[in-house]
C-alpha cells in the first residue's frame, strides 16, 4: 500500500485503531485534506475580509450595470417580468415604472405600459390600467397584432370594472 502524504494526520487525528473498507479510505485520504483546507482558509480569511477595494477607498454600492439608459431599461423590464410571473404585482409595477422613466419611444416602452396595465388590473386598479393602455401608441408597437392584444385587454378591463361595480371617476 502506498503511503499517503498526510499519513501522520491519520494517526494524530484518528488514533491508532485501524478501520477497513470505505470508511478507512475516507478517513485516511479525504478527511485530512478537508481539515488542511479548512485550516488554510481560516488563516487567510481575515486578510481577504479586511482587504480594501482596489481604489483604496470604499465605493459603496455596486455601480449600475450600464450607463446606457436603454440597457438599464431592458434589465428593469426583465426584472418586472420575473416579478410578474411570481405574482408580486406591486414590485413588478414599480419596475415597469422605472422602465418608463428610462426608456424613450419604442417597443420597450409599449411593453412596459402593457405590463403596467396588467399589474394594475391584477391589483383591481382598473382606471389606472386603462390609462396605461391609452399610453400605448401604434408607432411604438413592433408587431401590428399587438394593438389587437391591447384592445382585447381594454375590453377585459372594462368588463372587470363593470363586474366590480366601479365607474369612471368624474374629472374635475
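Every number in this text was worked out from the coordinates using simple rules, so none of it is lab data. These figures come from a predicted structure and were not determined experimentally. Positions of Cβ are generated from backbone atoms using ideal geometry, with glycine treated the same way; all protein chains shown enter the neighbour counts.
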Worksheet, complete the sentence: In this structure, the FRET efficiency calculated for residue 94 and residue 127 from their beta-carbon separation, with R0 = 25 Å, to the nearest 0.05, is 0.85
Item to complete: Between residue 71 and residue 107, with labels modelled 7 Å along Cα→Cβ, what's the label distance in nm to one decimal, could you check?
Response: 2.0
Discussion item. What Kirkwood Rh does segment 78-132 have if only Cα atoms enter the pairwise 1/r average? Answer in Å.
Written reply: 10.8
Worksheet item: Highest mean first, what order results for 76-83, 133-140, 96-103 on Cβ atoms within 10 Å?
Response: 96-103, 76-83, 133-140
Worksheet item: Averaged over all directions, how much area does the convex hull of the C-alpha atoms of segment 91-172 cover when projected, in nm²?
Response: 5.8
